[in-house]
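What follows is a set of notes on a single structure, which appears directly below.
The values are calculated or read from the model by the stated rules, or taken from the named source; none is laboratory data. This one's a predicted model, so the numbers in the text were calculated from it and none came from an experiment. Virtual Cβ from ideal backbone geometry, glycine too; neighbours counted across all protein chains shown. Protein only, heavy atoms only, side chains kept; ligands, DNA and RNA dropped before computing areas. Shrake-Rupley method; radii C 1.70, N 1.55, O 1.52, S 1.80 Å.
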Amino acid sequence: MTPSRIAIIGGTGPEGLGLAMRFTKAGHMVYIGSRSEERANEAVEKVRAKLPEGDVFGGLNAEGAEKADFVFLTVPSDAHHDTLVNLEEAIGEKVLIDVVVPMLWDKDGPKAVVVDEGSAAMQASALLQKAKVISGFHHLDGSELQKVDKPLQGDVVVVGDHKASKKKVMDLVEEIEYVRALDGGGLANSHYLEEWTVQLLQINKIYKAHAGVRITGI
């Protein structure tokens, strides 16, 4: 695959940082975005410590969104709406991959949060009228993603209404060693991906594991 410019918005958290490492390893130009330039630069140094030859940069979210071919959104769920509103112009007609899961943690573990639009990705589609919104990557564990010397095991289900953009994102999935992309249909199905992530986190909590998802029979 031709190297792409990938922005990870909210890229200082475990999931965003892990994706930044994997796409840097695959040879893409990666921009780690944050609301804090200092935190972004700290994340860049973590990537460079493992991948010193990587093409990775960092700074404020808007700058990354403006320059990227693909924009990944990995912010906490309570920052989802406002982040998108602030970045609407910068994202424009680009491909936005929404990895956000509406959820909260309480004493019993993770709980799904209801979104009026039906899912985080559907909210993104409503807020960003021009962007090509794709949902996926929820089921790859952030800590496992950061172990760049170790291949991952698992599948990534990708959903979206723009078929050409979905195919491009599925190609990106398979840039991660031993990870397979599966087409999960239209963007409305993002609701199932997001809620299943909450269940997967609960399983991982019970078993003290970092399990992912593998679809058999295909």
Remind me, relative contact order of the stretch 1-146 in percent, using alpha carbon pairs under 8 angstrom and six or more residues apart?
25 percent
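In nm, what is the difference between 0.36 nm times the number of residues separating GLN129 and ASP149 and their Cα-Cα distance? Intermediate results must be reported in sequence, preceding the final value.
On the way: separation 20, 0.36 × 20 = 7.20 nm, distance 3.90 nm.
Full extension from GLN129 to ASP149 adds 3.3 nm.
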Eligible aspartates and glutamates near LYS50 by straight Cα distance, threshold 20 Å, same-chain separation 8 or greater:
GLU15, GLU38, GLU42, ASP141, GLU144, ASP149, GLU175, GLU177
Among all the aspartates and glutamates, which ones have a C-alpha under 13 Å from LYS94's C-alpha, if same-chain residues fewer than 8 places away are not counted?
GLU66, ASP69
Rounded if a/c under 1.5, otherwise prolate or oblate - the stretch 153-218, Cα gyration tensor axes
oblate
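Quick one: pull the percent of accessible area on the chain belonging to carbon and sulfur, 1.4 Å probe, ligands and nucleic acids left out. Write out the running numbers ahead of the final one.
Numbers: 5560 of 10710 Å².
Roughly 52 percent, rounded to a whole number.
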Cβ crowding within 10 Å averaged over residues, with 101-114, 174-187, 61-74, 157-170 ranked highest first:
61-74, 157-170, 174-187, 101-114
Inter-site label distance for GLU37 and LEU60 at 7 Å from Cα along Cβ, in nm
0.9 nm
Determine the shape class of the stretch 99-209: with a ≥ b ≥ c the square roots of the Cα gyration tensor eigenvalues, call it rounded for a/c under 1.5, and otherwise prolate if a/b is greater than b/c, oblate otherwise.
oblate
Just the Kirkwood number for the chain, please: inverse of mean 1/r across all distinct Cα pairs, in Å, one decimal.
17.0 Å
Average accessible surface area per residue within the stretch 74-218, 1.4 Å rolling probe, Å²:
51 Å²
Only residues of the stretch 121-136 count here: report those whose backbone N is under 19 Å from the spot 7 Å along Cα→Cβ of GLU88, or say none.
121-134
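Longer than 26 Å from Cα to Cα, which of LYS150/LYS205; LYS150/LYS208; LYS25/LYS205; LYS111/LYS168; LYS67/LYS205; LYS46/LYS130 are they? Say none if no pair is.
On the way: LYS150/LYS205 22 Å; LYS150/LYS208 20 Å; LYS25/LYS205 29 Å; LYS111/LYS168 31 Å; LYS67/LYS205 38 Å; LYS46/LYS130 34 Å.
Table pairs above 26 Å Cα-Cα are LYS25/LYS205; LYS111/LYS168; LYS67/LYS205; LYS46/LYS130.
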Overall form of the stretch 47-132 per C-alpha gyration tensor (a/c, 1.5; a/b vs b/c):
oblate
